[in-house]
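Asker: Please find one structure pasted underneath; my questions will follow.
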Amino acid sequence: MTEKQTDTAQYTLVVRNMNVYYGAFRAINNVSLNIERNKITALIGPSGCGKSTVLRSLNRMNDLVNGARVEGEVLFHEQNLYANDVDAVEVRRRIGMVFQKPNPFPKSIYDNIAFGPRINGWKGTKSEMDDLVERCLRQAALWDDVKDKLKESGLALSGGQQQRLCIARALAVEPEVILMDEPCSALDPISTLKIEELMMELRQRYTIAIVTHNMQQAARASDYTAFFLMNDQRAGELVEYGPTGDLFTNPKDKRTEDYITGRFG
Ligand SMILES: Nc1ncnc2c1ncn2[C@@H]1O[C@H](COP(=O)(O)OP(=O)(O)OP(=O)(O)O)[C@@H](O)[C@H]1O
Ligand SMILES: [Mg+2]
């Protein structure tokens, strides 16, 4: 087996020598990282170290930021997502994203889920769409909360429910990967635990990468953890990456240890 085949069997995304710039400013310096299939990978590190930038570069969401430029490779099924002939819209369908602040569309719960499939040219029947909506809401652990009010606005739900609706909406276009940028930071502890349980369920079918400021969350709910810091030029670098248990109990780098024990200045 060649190295490339081994990579793609085990890893959903292979990042090689990634640099990200905003104009002339280099925000990310030479990051290489393999994201394991059907696992949860947490990205941690202090504010400004580039976690969101790395995450957004995994599905070409950073293309939408004015002046942003990505160098290096992100391989997905052996295909470099930054190659010339790759359709960024299709990339974002296959690698979905959930944001920090729940952002349901100002539409009914049902239409929030149906929207993505419809704009992707859905050809099924009404009852097939009903099934899809139910399946996504069940997968997002929201069905029991909303099954009697599917025609009501998504904005009328609680914050935690809205975030689960956004996850259900992401699932509706059948992605392989779900990227989450601090999905729980606007939520209370109970809703947060619900999202973590949900992630652990979803990992059976999807690959998940999550940015979190919450160290307990990374320790509790991820399989792998990547720790980032800024270098002297304020560019984010990957300091340490490995199984979450190892990184939290036996960090290899002194800087990781300082950060996870709260000694970081
Ligand atoms: N749209 C942008 N234009 C210019 N610079 C940006 C932009 N977005 C981020 N940056 C810069 O890139 C660097 C990394 O930012 P990023 O948002 O990725 O960090 P982060 O680790 O997600 O921080 P936080 O924990 O505060 O969310 C920072 O120096 C930031 O100022
Ligand atoms: Mg961020």
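Asker: Helix 109-119: angle to the longest alpha-carbon principal axis of the chain, degrees 0 to 90, nearest 10?
Answerer: That works out to roughly 70 degrees.
Asker: Also, I was wondering about something else. Rounded, prolate or oblate: which fits the stretch 1-157, taking a ≥ b ≥ c as square roots of the Cα gyration tensor eigenvalues, rounded meaning a/c under 1.5, else prolate when a/b beats b/c?
Answerer: prolate
Asker: How much area per residue is accessible in the chain when the probe is 1.4 Å and only protein heavy atoms are counted (Å²)?
Answerer: About 48 Å² of surface per residue is accessible.
Asker: Give, as a single signed number, the net charge of other residues whose beta carbon lies under 14 Å from the beta carbon of Glu257, with Lys and Arg counted +1 and Asp and Glu -1.
Answerer: Summing Lys/Arg as +1 and Asp/Glu as -1 gives 0.
Asker: Here is a follow-up. Within 15 Å, Cβ to Cβ, of Trp122, how many net charges do the neighbouring residues add up to if Lys/Arg are +1 and Asp/Glu are -1?
Answerer: After counting each charged neighbour, the total is +1.
Asker: Among Val133, Leu43, Tyr11, which residue has its Cα furthest toward the positive end of the charge dipole of the chain, with +1 on Lys/Arg Cβ and -1 on Asp/Glu Cβ?
Answerer: Of the listed residues, the answer is Val133.
Asker: Also, quick follow-up: Let me have the 222 nm mean residue ellipticity of the chain computed from DSSP H runs of 4+ only, each contributing -39500 (n - 2.57), with the sum over all residues rounded to the nearest 500.
Answerer: That calculation yields -10500 deg cm²/dmol at 222 nm.
Asker: Also, I was wondering about something else. Structure shown: which of Lys123/Lys147; Lys101/Lys254; Lys151/Lys194; Lys51/Lys107; Lys39/Lys254; Lys126/Lys149 lie over 22 Å apart, alpha-carbon to alpha-carbon?
Answerer: On the way: Lys123/Lys147 24 Å; Lys101/Lys254 33 Å; Lys151/Lys194 24 Å; Lys51/Lys107 31 Å; Lys39/Lys254 26 Å; Lys126/Lys149 17 Å.
In this structure, Lys123/Lys147; Lys101/Lys254; Lys151/Lys194; Lys51/Lys107; Lys39/Lys254 lie more than 22 Å apart at Cα.
Asker: With the full set of protein chains in place, find how many percent of the accessible area of the chain is carbon and sulfur; take the probe as 1.4 Å.
Answerer: 48
Asker: Could you identify which residue out of Lys194, Lys147, Lys123 has the top mean-square fluctuation in a GNM of the chain using Cα springs shorter than 10 Å?
Answerer: Lys123
Asker: Okay, moving on. Could you derive backbone 3J(HN,Hα) for the stretch 223-239 from the dihedral phi with the Karplus parameters 6.51, -1.76 and 1.60 (θ = phi - 60°), listing whole Hz in sequence and x where the residue is Gly or Pro?
Answerer: In residue order, the calculated couplings are 8, 10, 10, 10, 10, 10, 9, 7, 8, 5, 8, 6, 8, x, 10, 7, 8 Hz.
Asker: Same structure, new question: Suppose R0 equals 30 Å. What FRET efficiency, 1/(1 + (r/R0)^6) with r the Cβ-Cβ distance, do Lys107 and Phe25 give to the nearest 0.05?
Answerer: For Lys107 and Phe25, the calculated efficiency is 0.20.
Asker: Further, regarding this structure: Which net charge results when you count Lys and Arg as +1 and Asp and Glu as -1 among the other residues whose beta-carbon is under 13 Å from that of Ala219?
Answerer: After counting each charged neighbour, the total is -2.
The values are calculated or read from the model by the stated rules, or taken from the named source; none is laboratory data. Predicted, not measured: the structure shown is a model, and the values here were computed from it. Methodologically, a virtual Cβ is constructed for each residue, glycine included, from the backbone with ideal geometry; neighbour enumeration extends over all protein chains shown. Quick note on the areas: whole protein, heavy atoms, side chains included, nothing else; ligands and nucleic acids left out. Shrake-Rupley method; radii C 1.70, N 1.55, O 1.52, S 1.80 Å.
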